[in-house]
Amino acid sequence: MAIKVKEMKDDAIVDIKVNKNFYFMMKNVSMYLFKHIKTDDKETYLNELTTKKYEELDDLQRSFYTIALFLAEVEKQSISNELYEEKEILQPGDEGYVAPKLD
């Protein structure tokens, strides 16, 4: 027996509101995926995201690429709508630098 499912239309565009916390959660997902890349040549592995067709990528590459596209769009819209702030982050060796600690 056939079942009914709901699916977006092919030409649908959905506007999604994203706050800073969700944006950082998505960045954490990207870092989690990045840490699971098991190759000595991560540069070549990641370059394949732009040189291969989506269908030719492995599961991890497709997942990472999808999150990267999402983050890029959020950042693009944040910049175009002036919803960002620029701040300086001290680096080790800078005067006043305090190493981060886990609570």
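Sub-7 Å Cβ pairs linking a first residue in the stretch 62-74 that is charged (D, E, K, R) to a second residue that is assigned to a helix (DSSP H, G or I), at least 6 apart or interchain, are Arg62/Tyr54, ordered by first then second residue.
Scanning the stretch 60-103 for residues that are among the small types (Gly, Ala, Ser) and at pLDDT 90 or above turns up Ser63, Ala68, Ala72, Ser78, Ser80, Gly93, Gly96.
The values are calculated or read from the model by the stated rules, or taken from the named source; none is laboratory data. What you see is a predicted model; the values in this text were computed from it and never measured. When we count neighbours, we look across all protein chains shown, and the Cβ atoms used for this are built from the backbone with ideal geometry, even at glycine.
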